[in-house]
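To start, the structure itself, in structure tokens.
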Amino acid sequence: MTWLRTYGWNAHFEKAFEALGSADLEPGRIIEEQRGMYRIMAGAGEIRAEIAGRLRLLGPGDQPAVGDWVAIQADPGAGGIIIRQVLDRQSKISRKGAGSAVREQVLAANLDTVFMVTSCNEDFNPRRIERYLTMIWESGASPVVLLNKTDLAGDSQELVELAEAVTLGVPVHAVSAKRDTGLDSLTPYLQPGKTLALLGSSGVGKSTILNRLLGQEVQAVQEVRGDDARGRHTTRSRQLFLLPSGALVLDTPGLREVALWVSDSGLGRAFADIGQLAADCRFQDCVHRSEPDCAVIAAVEGGALSPARLESYHTLRKELEQLKRKADPAAQANSKQRWKTTHKSLRGGRKKGWFR
């Protein structure tokens, strides 16, 4: 079935689907979700479906999301299509859902690469890049940073260098979607059957980038506000598009709030340089605040590590610790042990080659 491969089907999903052992089911991939209704690419083309009642009882993180491969079934009684099962994911990018409730919101599933898009105006912020990278590394996908709107920057190379200082080897590309320059550097990522996502704040130009990659104006775009350079929401839903190259790209609404979900390994990958330094701390459980013989603090004092970067690490770590405590009251009794796991991940980065 050619369409399956076109939309990213592989041996992993084939095995998961065959394990269901039902001749009444067929595979499909969710390409859009709006208010509980799903648009799915299946053997018959694009169809609409809703989820089975039992799936509604699952937690938000286990319910279908755009990018998911699912098992669907015709419902003779209702005359519609029902999503019966979500196939095991290869990756998922999640954040804490909006509001005070502690719940996971899956932004997208089964991504190979995530383009973290920022712009060369007031939106550019190394601390925000670190936050996004923590989220993306935890997802299982590979991050790539796009500095868009280079036409607004007097010296975009300076911004590239500032970004590279916190990305630790993650590719950084300077582009201008408006002027259609620099986008050819993205070609190596746009391989047939590969799934990518555009992630970033409102107004950074995600939809304009998508339109350029598609070669046509599919997504509406708006100019950012002149008073504060903040964007307006133009993309209202997450939607998967098939590019002429054969790659699939997911456009997402701009995120006003980048609230992390559980992210032990993601924090370790995003701050692998601190892990490199922490390996030389006197105490294995050093938290890099005021402990004696702390190699991380010494690096800050010696100018090898930015104080702002260390403070960013502390901020994200504290946020994640509070999230875990709210999500699991029992974590209040063993939060120190949980953070030992994170420190182990940080220290292990040296062996895994995270730091380059």
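Only the coordinates and a few stated rules stand behind these numbers; no lab work does. Everything numeric here is computed off the predicted structure, so don't read it as measured data. With ideal geometry, Cβ positions are generated from the backbone for all residues, glycine too; neighbour counts draw on all protein chains shown.
For segment 92-251, averaging the sequence separation of C-alpha pairs within contact (under 8 Å, six or more residues apart) and dividing by the residue count gives a relative contact order of 22 percent.
You can think of it this way: the chain between ARG35 and LEU243 has 72.3 nm of extra reach, that is 0.36 nm per residue less the Cα-Cα gap. Cross-linked pairs LYS15/LYS194; LYS194/LYS324; LYS206/LYS324; LYS92/LYS206; LYS92/LYS178; LYS92/LYS318: Cα-Cα separations exceed 25 Å for LYS194/LYS324; LYS206/LYS324; LYS92/LYS178.
Taking only the alpha-carbon atoms of segment 92-251, what semi-axes of the equivalent ellipsoid follow from 5 times the gyration tensor eigenvalues under a square root, in whole Å, largest first?
21, 19, 17
How big is the charge dipole of segment 92-251 about its Cα centre, in debye rounded to the nearest 20, if each Lys and Arg gets +1 on its Cβ and each Asp and Glu gets -1 on its Cβ?
700
Amide hydrogen proximity for THR181: with H placed 1.01 Å from N in the peptide plane, the residues at 5 or more positions away or on another chain lying under 5 Å are SER176. Helix 307-327 and the longest principal axis of the Cα set of the chain meet at an angle near 50°.
Taking the mean number of other Cβ atoms within 10 Å as a proxy for protection, how do you rank 264-272, 82-90 from highest to lowest?
Descending packing order for the listed peptides: 264-272, 82-90.
Listed as lacking a disulfide-compatible partner in the chain: CYS120, CYS294, by the criterion of no other cysteine Cβ under 4.7 Å. Take every pair of alpha-carbon atoms less than 8 Å apart whose residues are at least six positions apart; their mean separation over the length of the chain yields a relative contact order of 14 percent. Compared with the direct C-alpha span, the chain from ALA304 to THR6 gains 102.6 nm at full extension, assuming 0.36 nm per residue. Taken over the Cα atoms of the chain, the convex hull encloses 160 Å³ per residue. For the listed peptides 3-14, 298-309, a ranking on the average number of other beta carbons within 10 Å per residue, highest first, reads 3-14, 298-309.
I need the peptides 171-177, 149-155 ranked by packing, meaning the mean over residues of other C-beta atoms within 10 angstrom, with the highest value on top. All intermediate terms of the calculation are to be shown ahead of the outcome.
Values: 171-177: 21.6, 149-155: 16.1.
Most protected by this proxy first, the peptides run 171-177, 149-155.
Out of every Cα-Cα pair that segment 2-86 contains, those further apart than 18 angstrom amount to 38 percent. Averaging 1/r over each pair of different alpha-carbon atoms in segment 61-151 and inverting the result gives 15.4 Å, the Kirkwood hydrodynamic radius. Counted over the chain, the DSSP beta bridges are approximately 60% antiparallel.
Using 0.36 nm per residue and subtracting the Cα-Cα separation, the extra length available between ASP151 and LYS318 on full extension is 56.4 nm. Counting only Cα atoms, the size of segment 136-214 along its three principal axes is 37, 30, 24 Å, in decreasing order.
For the chain, what does -39500 (n - 2.57) per DSSP helix run (n ≥ 4), summed and divided by total residues, give at 222 nm, in deg cm²/dmol to the nearest 500?
-9500 deg cm²/dmol
Determine, from the Cβ-Cβ distance of ALA327 and ALA98 and an R0 of 22 Å, the FRET efficiency 1/(1 + (r/R0)^6), rounded to the nearest 0.05. Step by step, r from the Cβ atoms, then E = 0.90. Of all DSSP bridge pairs formed entirely within segment 92-251, close to 35 percent run antiparallel.
Around the amide H of SER201, modelled in the peptide plane, lie the amide H atoms of LEU255, all under 5 Å away and 5 or more residues distant in sequence or on another chain.
For the chain, the Cβ-based charge dipole about the Cα centre amounts to some 840 debye (Lys, Arg positive; Asp, Glu negative; other atoms uncharged).
Distance between the 7 Å Cα→Cβ label points at ASP88 and GLU18: 1.3 nm. Remark: segment 124-135, residue by residue, has Karplus-estimated 3J(HN,Hα) of 5, 7, x, 5, 5, 4, 4, 5, 4, 5, 4, 5 Hz, where x stands for each Gly or Pro and the curve is 6.51 cos²θ - 1.76 cosθ + 1.60 at θ = phi - 60°. If both residues of a DSSP beta bridge must be in segment 111-181, then about 10% of such bridges are antiparallel.
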